[in-house]
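Working notes, structure below.
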Amino acid sequence: MNVRIAEDWKQILSTEFEQPYFQELVNFVKDEYSRHQVFPQGRDIFRAFDQCPFDKLKVVIIGQDPYHGDGQANGLCFSVNSGVAFPPSLRNIFTEIESDIGSSVPTNGDLSRWAEQGVLMLNSVLTVRAHEAASHQGRGWERFTDAVVSAISKRKKGIVYMLWGSYAQRKCTVVDPNSNCILTAVHPSPLSAYRGFFGCKHFSKANTYLRSQGLEEIIW
């Protein structure tokens, strides 16, 4: 199947694209876009891969669903386009960065700048119907993104995995903690951030680990 995704990732994931479940997923997603408002825009479904080349990959952040509010989802987990108000989880992420490493809260929430430095911001489910949270769960995206994590784990060591919440932590059980840096905390949602996300210092810890691997740190 010819999937419009960055060529390096296409080669790595090529066998997955030929699986029957993936064809069923494609058919479902196409039908959803034809009959409903679906986020993100079609061209942004695989944006996380398009903006983070595999050979530059240094950090993996796992989300769950795309944002389902108007104009929010842009294909990178937790990210919104410039000019869009920060969702609560993203605001909490910026608050922790400011506390951890002293960087001021940015003026926009577009995290493309992270992706271009080697941060893969991967939602477990890559599409969602407008204003209907979890509406595309259980349709095959989870199997696909499990395969992504497995492919990374098999091909790369020395990766920082930033896993916020139990869902993200379960997603990465295949990752070898002895060959990578696995950082876990509660989700940055306002419902849980005060129970351990604030003060987790994941951003400075990630950079310390990257330096230990001889890699450039991320400008968060």
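The values are calculated or read from the model by the stated rules, or taken from the named source; none is laboratory data. Bear in mind the structure is a predicted one, so any value in this text is a computation, not a measurement. Heads up, the Cβs are rebuilt from the backbone with ideal geometry, glycines too, and the neighbour counts pull from every protein chain shown. All accessible areas refer to the heavy atoms of the entire protein, side chains included, with ligands and DNA or RNA removed. Shrake-Rupley method; radii C 1.70, N 1.55, O 1.52, S 1.80 Å.
Odds and ends about this structure:
- Index of the failed condition, ARG4 passing every other in (1) within 30 Å of LEU210 (Cα to Cα); (2) at pLDDT below 95: (1)
- Test: residue in region 81-97 that is closer than 21 Å to TYR167 by Cα, touching a helix residue (DSSP H, G or I) at 6+ places or on another chain (Cβ under 7 Å), at pLDDT 95 or above and open to solvent by 20 Å² or more (accessible area, probe 1.4 Å): yes
- Test: PRO66 is touching a residue at least 24 places away in the same chain (Cβ under 8 Å) and touching a Leu at 6+ places or on another chain (Cβ under 8 Å): yes
- Here the condition is being open to solvent by less than 40 Å² (accessible area, probe 1.4 Å) and under 30 Å from TYR21 (Cα atoms); of HIS136, HIS131, it holds for HIS136 alone.
- Residue in region 183-202 that is polar (S, T, N, Q), open to solvent by 10 Å² or more (accessible area, probe 1.4 Å) and without any contact (Cβ under 8 Å) to a residue 12 or more places away in the chain present: no
- All conditions in (1) touching a Ser or Thr at 6+ places or on another chain (Cβ under 7 Å); (2) among the acidic types (Asp, Glu); (3) touching a residue at least 40 places away in the same chain (Cβ under 8 Å) hold for GLU98, with the sole exception of (3).
- For region 162-220, a residue qualifies if it is over 20 Å from LYS58 (Cβ atoms) and either in a strand (DSSP E or B) or of a type in the set (A, V, I, L, M) (or both), and the qualifying residues are VAL186, LEU191, ALA193.
- Hits in region 18-59 - residues which are among the basic types (Lys, Arg) and open to solvent by 30 Å² or more (accessible area, probe 1.4 Å): LYS30, ARG35, ARG43, ARG47, LYS56
- When residues of region 146-164 are limited to those that are crowded, with 20+ Cβ neighbours inside 10 Å and out of contact with any Asp or Glu (no Cβ under 9 Å at 6 or more places or on another chain), the one nearest to SER34 (Cα to Cα): VAL149
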